[in-house]
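Note sheet for the following structure.
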């Protein structure tokens, strides 16, 4: 207990200092891989192609097939006129999404379930020989990240 001063108030105690939480690069990588698995399963495009609308480095939003959907064509910025790109021609969004889900459900489910499990197991296995020395090195460099 803190010592009492002469005026009856307790002495001011020092507060515990807590360091700012560091960004965990492993969690970011796992989240990106799971998001890629979901976009591949639902929209038939990897996460980069989904956000940019590119296919093989060329902007083809809406002109790359009915079953492949990207964010620019969903928003309406496709190379085709009208909302929805090529799936808008006779195929609605729900049927295209359901076809992709039926075709890709197994790899998507495996990615969503297995990627975090494998990452957790690998982290536990390589913690002492790889991760702890790497975290010490990152701390000495002054970066606010950890593995």
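Given a Förster distance of 30 Å, report the FRET efficiency between residue 127 and residue 95 from their Cβ-Cβ distance, rounded to the nearest 0.05. It would help to have the intermediate numbers written out before the result.
Details: r = 47 Å, r/R0 = 1.56.
Efficiency for this residue pair is about 0.05.
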> What ranking do 112, 58 get, fewest neighbouring Cβ atoms within 10 angstrom at the top?
Replying inline: 58, 112
>> Give me the one-decimal nm value for the distance between modelled label points at residue 23 and residue 103, 7 Å along each residue's Cα-to-Cβ direction.
In response: 3.6
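Set the Förster distance to 25 Å, then compute FRET efficiency between residue 71 and residue 113 from the Cβ-Cβ distance, nearest 0.05.
On the way: r = 25 Å, r/R0 = 1.01.
Between residue 71 and residue 113 the formula returns 0.50.
A short reminder: the numbers here are calculations on the coordinates, not readings from a lab. These numbers were taken from a predicted model, which means no experiment stands behind them. Every residue, glycine among them, receives a Cβ derived from its backbone with ideal geometry; neighbour counts consider all protein chains shown.
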